[in-house]
1. Check B:Asp30 against each of (1) of a type in the set (D, E, K, R); (2) within 13 Å of chain A (Cβ to nearest Cβ); (3) more than 25 Å from B:Gln97 (Cβ to Cβ) and name the one condition it does not meet.
2. Taking only segment B:229-245 into account, find how many residues are surrounded by fewer than 18 Cβ atoms within 10 Å (Cβ to Cβ) and part of a loop (DSSP other than H, G, I, E, B).
3. For residues that are within 14 Å of chain A (Cβ to nearest Cβ) and away from ligand 2 (no atom under 16 Å from the Cβ), tally how many sit in segment B:70-103.
4. Return yes or no: is A:Thr186 crowded, with 21+ Cβ neighbours inside 10 Å, of a type outside the set (Asp, Glu), within 15 Å of ligand 2 (Cβ to nearest atom) and within 11 Å of chain B (Cβ to nearest Cβ)?
5. Against the conditions (1) within 13 Å of chain B (Cβ to nearest Cβ); (2) assigned to a loop (DSSP other than H, G, I, E, B); (3) of a type in the set (A, V, I, L, M), where does A:Ala313 fall short? Just the number, please.
6. Can you report the number of residues in segment A:111-129 which are crowded, with 21+ Cβ neighbours inside 10 Å and more than 13 Å from ligand 1 (Cβ to nearest atom)?
7. Taking the residues in segment A:144-162 that are away from ligand 2 (no atom under 16 Å from the Cβ) and in contact (Cβ under 8 Å) with a residue 60 or more places away in the chain as candidates, determine which candidate is surrounded by the fewest Cβ atoms within 10 Å (Cβ to Cβ).
8. Quick check, is B:Ser249 closer than 28 Å to A:Leu85 by Cα and either within 22 Å of the chain's Cα centre (by Cα) or within 12 Å of chain A (Cβ to nearest Cβ) (or both)?
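The values are calculated or read from the model by the stated rules, or taken from the named source; none is laboratory data. Keep in mind it's a predicted model, so treat the numbers as computed, not measured. Please note: Cβ atoms are built from the backbone with ideal geometry, for glycine as well, and neighbour counts cover all protein chains shown.
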Amino acid sequence: MKEDHQIWLELYRMMVKIRRFETLTGELFAAGKIPGFIHLSIGQEASSVGVCSTLRPEDYITTTHRGHGHVIAKGGDVKRMFAELMGRSTGYCKGKGGSMHIADFSLGILGANGVVAGGFPIIVGAGLSIKLRGTDQVAVCFFGDGASNRGPFHEALNMASIWKLPILFVCENNQFASTTSFHYSTSVKSVAQRSIAYGIPGRSVDGNDILEVREAALEAVERARKGEGPTLIENRTYRLRGHFEGDPQRYRTKEEVENFLEKDPIKRFQEFLKNEKILNEEMDRQIWQAIDSELTDAIRFAEKSPYPQPMEALRDLYAEDVDPLFQRSLA
Amino acid sequence: MPEVSFVESLRMTLREEMQKDPLVMLIGEDIGRYGGIFGVTKGLLEEFGPYRVRNTPISESAIIGSALGAAMTGIRTIAEIMYIDFTTCAMDQIVNQVAKIRYMSGGKMKIPLVIRTQCGGGRGNAAQHSQSLEALFFHIPGLKVVMPSTPYDARGLLKASIHDDNPVIFIEHKLLYATKGYVPEEEYIIPLGQAEIKKKGREVTIITFSYMVWKTLRAAQQLEKEGVDVEVVDLRTLYPLDLETILQSVRKTNRALIVHEGCRRNGIGAEIACRIQEEAFDYLDAPVERVAAMDVPIPYSEPLEKAVIPDEEDIIQGVKRVLSRN
Ligand SMILES: Cc1ncc(C[n+]2csc(CCOP(=O)(O)OP(=O)(O)O)c2C)c(N)n1
Ligand SMILES: [Mg+2]
């Protein structure tokens, strides 16, 4: 098998893993096993996987409220993810963070964020750190189209540009910010156009075509590693699920969503791989099956894990580990 | 009129004010066709059009700053920030501009601006979607801070806030939206700065506001069964603070407990406890106590969140602490 083909199969496998993770997460939420609210990235897998497949383990990412896919694509452990979503002590954040705050510093995942545009200044800081330490790491900030209308986007792009920081700003333009459409809320036709104002390259690609995403990311990563500065990439995609699970989605029609099912990034790549004779029915079945069995195990692990002890709420606030009961007496 | 929900009460008030005054404007995220994520502004875009119901991009700083500019130039503006957590994205506007601009100009202008926002925990929304930040605003001279607990109060207080020529932070607890209560059809105003005694009692004064009023009333019921008779004062507005009502009650009961959902350190309770001891020290039979959230961000996992946010049992224990001293 050619090397390319192996990579492609790996990309496909990773997209399927995210799709299944998100689908199962939706089911767990509907069954009342996950509290709060969750935002799924179904339909946007090509962006997570296309970009993260060009990164090394030591590279950094920041992600968003819609971040499960990025975490998985960067190598996140699905056991600890499910455990976090279910609020268990074995979760990534010991149950303190939940869906919107998953982080794994050992994998360069500097955290999801519940504040839209929260990742921009953090990624600039990671870029400064890379420069100061003199490594050839890169740092990727994933964000939504809506986030590009907040001030931190503009401040961060300007800073990253003047200091030539090794950053990829990756916009997942899924056409909506909650209930508000991209065209209504944004002054330009494409987020990539905004790069012009900051003197950096900007590329808008078909975000549901994994190979196109990957190609753009490869180029931007190379540029960043060579010290040539940041790039803005816009992956044009579509959010197939509601903004959050349970969203009545009155802001769009069923037909619109159905049209985009045709452009499903996984379906498209699956057909491509089959046409190229890289993937056959039997292999495909095995891929989905293996992933489901891994995810089922992960859910079982999460469900068997204990909830944190209530007094754990007082731990982890400061670098010094304080005995919770002592801290409470100070409170 | 049948009982209406907190959301409907807010909505009918906004509609009424917009019908009466063509220069009332709403501005905020997803408040247009969608009607706001909790449905408060549903139908208002259709009724009043896009100049009066401005559905914005995600731009908190510009929402508040532009609301201020509109207010300074004659528009009674009601801005919505989806979660109180994101008012922090507009803190420069709120603290440096909104709160000070009248004063800095030597009192030259009016700022008829209401910032409606939504607060509180209890829904597993984690640290950036569950906060109770009223103490931040309470600390800033130039702002008024309103936190209703019932549909009835919400209507009267929102009206007063809209009519007010000063900036008002109007904070709605997310667990209140679905609650129902009696709301009369006819107009009424609840002036800012008037607390209300939600339950009369003799032994301990409990001072509280917003969603904690409900937890406190449930705790009071429980205490009554145990033969303890508490008085519950709902502040309704934090600033202006109705100190008179608080003091009158404390002079009667000689014991006070303050209950709030924001964390304890430097919370509203600290100021109120201080004011009580300054003004009614000789009446007190016990130190003023506080029941408040632990001094940590709101954690996600249910047992953790439950531990951090005070509940009925914590309030009962608080009352017992106050009563145990002589
Ligand atoms: C500063 C801030 N404002 C508002 C919100 C509420 N909110 C959460 S997600 C969201 C929409 C984000 O849209 P976009 O950036 O396009 O990301 P998407 O949800 O489409 O992935 C909004 C308004 C928030 N979390 N943070
Ligand atoms: Mg979007």
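1. It is condition (3) that B:Asp30 fails.
2. 2
3. Number of matching residues: 13.
4. On the way: crowded, with 21+ Cβ neighbours inside 10 Å: no; of a type outside the set (Asp, Glu): yes; within 15 Å of ligand 2 (Cβ to nearest atom): yes; within 11 Å of chain B (Cβ to nearest Cβ): yes.
Judged against the criteria, A:Thr186 is not a match.
5. Failed condition: (2).
6. 5
7. Going through the qualifying residues, I end up with A:Ser161.
8. no
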